[in-house]
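Worksheet for the structure shown next.
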Amino acid sequence: MAGSINSLNTNEGAYRALSSTRSQSAALQQAQKRLQTGLRVADAADDASTFAVAQGLRGDLQSFTAVQSSLANGTGLGSVTQAALGQVSDLSNQLQQRLTQLSDGSISAQQRATYSADAQALTSQIQTTIQQAGFNGQNLLQAGAGGTSFLADTNGASISVSGQGQVGTGATTLQGAINTSSAATSQASLGALQNFQNTIAQAAANNAADTRGLVQQSNLTNSISDAVTIGLGAQVDADIGASAAQASARQVGRQLAFTSLGLANSQPSALLGLTR
């Protein structure tokens, strides 16, 4: 029966212990790497094919970030526009009250002057509100304002917010049409105001629909991005509990391998003892 050979030149036991030490050390390094990075696949050395897939998913996530940023700008613009339209609508209602009061032929000259000044101030405030309805350098309510497009997905599709420049034009027309010098002219001014209020209502409906579309697209993009993130995690994330257990076990295994290596290396000394 073949057995182990006691040799001074080749220590078979030491080589086996050294191989075990290397194996345990490599496994310990891998477990510690997973604990440090939180990743099962941190680079191509861990798993080249999975790492390539993960890099592709990371690229997709960066693209989703760009889309989300564009949609956020669109949503912001739509929200600011809607808020301004609401303010303009409130001001127009107050103006309607003043013009109605001015349509009363029984008011005194002093009252007419007071109401007229108030009506003029409200008309100016409408213009100011429209001018201040900007977001990130864009204003959808100014006369001549056109629509603006925003990224809708990572393929380059777009979604638009329509310009409501008719509001700015209508405000300018209204300002020129307001005449409160008499009850009759004030009554006629109410007709011009009614036209402007119709314009506001239509613009508010249009902008609300556009903004709702942006919000829905943003929610969809967020959902897709979340799903991709979860998928990426499933591909590359490490099981921290299992990695911690493996690291502990590999530390014990490496220590045992070192002990075995020490015992194996003591064999040549024992052989020397036979020559004494």
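Bear in mind these aren't lab numbers, they're just calculated from the coordinates by the rules spelled out. Just so it is clear, the model here is predicted, and its values are computed rather than measured. Counting neighbours? That spans all protein chains shown, and the Cβs are built from the backbone with ideal geometry, glycine included.
Grab the Cα-Cα distance for ILE107 and SER79, subtract it from 0.36 nm times how many residues apart they are, and report the gain in nm with one decimal. Working shown, then result.
Numbers: separation 28, 0.36 × 28 = 10.08 nm, distance 4.12 nm.
Taking 0.36 nm per residue and subtracting the Cα distance, the gain is 6.0 nm.
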TODO: Using the number of other C-beta atoms within 10 angstrom as an exposure proxy, rank LEU151, LEU57, LEU141 with the fewest first.
DONE: LEU57, LEU151, LEU141
Open item on the list: Given region 48-236, report the % of alpha carbon pairs whose separation exceeds 19 Å.
Closed with: 64
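So between ALA209 and ASN136, what do we pick up on full extension, going 0.36 nm a residue minus the alpha carbon distance? Kindly include the intermediate steps, with their values, before the conclusion.
Values: separation 73, 0.36 × 73 = 26.28 nm, distance 2.06 nm.
Net length gain for the segment: 24.2 nm.
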Open item on the list: If you take every residue apart from ILE159 with its C-beta less than 12 Å away from the C-beta of ILE159, what net charge results, scoring Lys and Arg +1 and Asp and Glu -1?
Closed with: -1
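Which order do LEU99, LEU140 fall in if you start with the one that has the fewest other Cβ atoms within 10 Å? If you can, show how the numbers build up before the last one.
Working: LEU99 25, LEU140 30.
By the 10 Å Cβ count, ascending, the order reads LEU99, LEU140.
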TODO: Obtain the nm distance between the two label points defined at ILE240 and GLN55 by a simple spin-label model: each point lies 7 Å from its Cα along the Cα-to-C-beta direction.
DONE: 2.7
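Where does each of SER89, SER116 land when they are ranked from fewest to most other beta-carbon atoms within 10 angstrom? Write down the numbers at each step before the final one.
Numbers: SER89 16, SER116 19.
With the fewest neighbours first, SER89, SER116 line up as SER89, SER116.
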- [ ] State, to one decimal in nm, how far the label point of SER158 lies from the label point of GLN36, with both points 7 Å from Cα in the Cβ direction.
- [x] 4.8
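I want the local charge near GLN125. Using Cβ-Cβ distances under 11 Å, sum +1 for each Lys or Arg and -1 for each Asp or Glu among the other residues. Each step should come with its number before you reach the end.
Details: positive: none; negative: ASP90, ASP118.
Around GLN125, the charge tally is -2.
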Task: Under the Karplus curve 6.51 cos²θ - 1.76 cosθ + 1.60, θ = phi - 60°, whole-Hz ³J(HN,Hα) for region 169-177, x wherever Gly or Pro sits - done: 5, x, 5, 5, 5, 4, 4, x, 8
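Within a Cβ distance under 11 Å of THR75, other residues only, what is the Lys/Arg minus Asp/Glu net charge? Display every interim value, and only then the final one.
Working: positive: ARG212; negative: ASP210.
Surrounding charge for THR75 is 0.
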